[in-house]
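The values are calculated or read from the model by the stated rules, or taken from the named source; none is laboratory data. The model shown is predicted, which means the values in this text are computed figures rather than measured ones. Don't worry about glycine lacking a Cβ; one is built from the backbone with ideal geometry, like all the others, and counts go over all protein chains shown.
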Amino acid sequence: MFRLPRLGLLLLVLGTGTGLLRADEAPASKPATDTAAKSANPPASSTSERWQVIFMGKSRVGYSRSSIETVERDGQPQRIAEAEAVLVINRFGQSIKMKTLFQTRETLEGQIQGFTFELHNPPSAVNRTTGVVQGEKVLLETEIDGTVSKAEKAWDPAIRGLAWQELDLKQNPIQAGETRKYTTYDPQFAKADVVTMKAGKLTPTKLLGTAEQELLPVSVAHSVFPAVQSMEYLDATGESRKSTMSLLSTTAYTVTKEEALKSLSGGEVDLGISTLVKLPQPLAKAQSTRKVVYKLTTEGVDPLTILKAGPPQSVERLSDDSVKITVVSLREPPAAPAAVEAPAAEYLDANSFLQTADKRVVEFANTAAGTETDPWKIAQAMEKWVAQNLKKKNFSTLLASAGEVARTLSGDCTEHAVLLAAMARVKQIPSRCVVGLVYVPRLNAFGGHMWTEVWISGTWMPLDATLGLGYVAGEHIKFGESSFAGVGNAPLSEFVSMAIVLGSMQLEVLEAE
């Protein structure tokens, strides 16, 4: 199923494709079924193409294109499905230009034979994942910053491709009141994705530049991204005329190619500014605070499901939609406990985003550490080195790998965090990256942020290489963490919990010292 691009997190976690749903307006009620497991064979299809224009609020920020083509390969008919999305959005005044392209090669029965996923985010190199299905396994190759890594994973035989699902929905339209399931594959998360569709009743719906029209709303949920809600609105012929997503007021309309390719007004949307969380009163001397207690309130989301508890942060429920968060600034590692389990190997190992064998990463780690032998002092020296040497601020790249950051010495908080994490691992200090909110004094607001944690004396100690203070104060609120192991082309997939409340949460300081 083609899907509206899923924009998430402070850094735009972008999904693949658009939702080409088909439905009949005749009301009916059927039990939920997993259509992908049926081995149905929809009729052959000639080449078809569909375009959508994407808006955030009232600003035109991108377009998507999806197509299905039947071809012959090695004497056998095959379907090629493509889903492409292009976005242009500002972040703190700098333009983000992004394109994703997902292509599947399928049999007429819907079995995926191979796929390719590409993420274009200049000036970074193209990130690319290719997969070849062999029976009950898939062979994956992921290219990040010119380096290719290979992996073999189990393959679910229930998985069907994009073209098969689209054609099945044409042959067997979803009915009003019906629930239907498909099992597909998400290349960014590198795993099967169960898509659940629930059709409602005909509803007057506003379309682009037209009056209201009676359309059938169909909710679309994805197992790999369960917190994000999507809707498709279908006309009497079963054509999807409109798509919406809960993140960042995103809406897409089915239009002509000419309309979709019109100039974008994405510069009107600044994600850095629009997702800020304003405080009622300023947080005085924020970067010196040793303890801050907050009240966080969300809308329609249980905050306990999206926040991380554990040193230096504790979380206590106040109501269904609000919690008390206490953040204590850890300035020195505590005495090591008598027995503590060391972090898993993934927090020391190299991976596609933390390249510990990169010659520049190794050089910078050795330079920063010098002759120091104490792990905490080494980590602090590395934090200071990164803060002093990444001088060119660049908000146009979503997330560069540590090797690329070492080569360019530019970036924003994400690049500072990954370089510090990789340098720490060079010196055999376990590390991970953390995403959350940080207070911005000049704006009296909290904004999305990434920093680093290192394992010292049995405790994850936070450091922030954008600040270089040698510690993290109480003005950081943590939502998620990742070792970046096995994330493929979705390095921020483990941070999506914060995305669902960006722009809709409320924050208040109850106590600060």
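Structure values in brief
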{"item": "Unmet criterion (only one of (1) touching a Leu at 6+ places or on another chain (Cβ under 8 Å); (2) outside any loop (DSSP other than H, G, I, E, B)) for VAL228", "result": "(2)"}
{"item": "Unique match (being surrounded by 24 or more Cβ atoms within 10 Å (Cβ to Cβ) and among the acidic types (Asp, Glu)) among GLU383, GLU363, GLU346, GLU372", "result": "GLU383"}
{"item": "So GLN188, is it modelled with pLDDT under 85, buried (at least 22 other Cβ atoms within 10 Å of the Cβ), closer than 28 Å to ALA485 by Cα and in the same structural domain as GLU82 (by TED's automatic domain parsing)", "result": "yes"}
{"item": "Scan of segment 324-346 for residues that are without any contact (Cβ under 8 Å) to a residue 60 or more places away in the chain and of a type in the set (S, T, N, Q), ordered by number", "result": "THR326"}
{"item": "Of residues in segment 327-345 being of a type outside the set (A, V, I, L, M, F, W, C) and touching a Pro at 6+ places or on another chain (Cβ under 9 Å), the one nearest to ILE456 (Cα to Cα)", "result": "PRO333"}
{"item": "Check on ARG180, assigned to a strand (DSSP E or B), out of contact with any helix residue (DSSP H, G or I) (no Cβ under 7 Å at 6 or more places or on another chain) and not assigned by TED's automatic domain parsing to the domain that holds MET505", "result": "no"}
{"item": "Residue within segment 352-367 that is farther than 30 Å from GLU511 by Cβ and at pLDDT below 90 present", "result": "yes"}
{"item": "Residue check, THR373 assigned to a loop (DSSP other than H, G, I, E, B), of a type in the set (Val, Ile, Thr) and in contact (Cβ under 8 Å) with a residue 60 or more places away in the chain", "result": "no"}
{"item": "All positions within segment 319-377 that are under 21 Å from VAL472 (Cα atoms) and among the aromatic types (Phe, Trp, Tyr)", "result": "TYR347, TRP376"}
{"item": "Some residue of segment 447-463 being of a type in the set (Phe, Trp, Tyr) and closer than 18 Å to LEU502 by Cβ", "result": "yes"}
{"item": "Test result for GLN103, surrounded by fewer than 16 Cβ atoms within 10 Å (Cβ to Cβ) and free of Cβ contacts under 8 Å to residues at least 24 places away in the same chain", "result": "no"}
{"item": "Near pairs, Cβ below 9 angstrom, 6+ apart or cross-chain, from segment 245-261 (over 13 Å from MET231 (Cβ atoms) and among the hydrophobic types (A, V, I, L, M, F, W, C)) to any residue that is at pLDDT below 90 and part of a helix (DSSP H, G or I)", "result": "LEU248/LEU271; LEU248/SER274; LEU248/ALA499"}
{"item": "Any chance LYS391 is in the same structural domain as VAL426 (by TED's automatic domain parsing), charged (D, E, K, R) and at pLDDT below 95", "result": "yes"}
{"item": "Yes/no for VAL323 being in contact with a His (Cβ under 8 Å, 6 or more places away or on another chain) and surrounded by 20 or more Cβ atoms within 10 Å (Cβ to Cβ)", "result": "no"}
{"item": "Filtered residue count, segment 87-144, keeping only those that are in a loop (DSSP other than H, G, I, E, B), modelled with pLDDT of 90 or more and either among the hydroxyl-bearing types (Ser, Thr, Tyr) or touching a strand residue (DSSP E or B) at 6+ places or on another chain (Cβ under 9 Å) (or both)", "result": "5"}
{"item": "Filtered residues of segment 271-322 (kept if at pLDDT 90 or above and among the acidic types (Asp, Glu))", "result": "GLU316, ASP320, ASP321"}
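One line per residue, one yes/no per condition, for (1) modelled with pLDDT under 90; (2) over 17 Å from LEU283 (Cα atoms); (3) aliphatic (A, V, I, L, M); (4) not in a strand (DSSP E or B):
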position: PHE446; (1), (2), (3), (4): no, no, no, no
position: THR452; (1), (2), (3), (4): no, yes, no, no
position: ALA465; (1), (2), (3), (4): no, yes, yes, yes
position: GLY474; (1), (2), (3), (4): no, no, no, yes
position: GLY486; (1), (2), (3), (4): yes, yes, no, yes
position: GLU508; (1), (2), (3), (4): no, no, no, no
position: GLU511; (1), (2), (3), (4): no, no, no, no
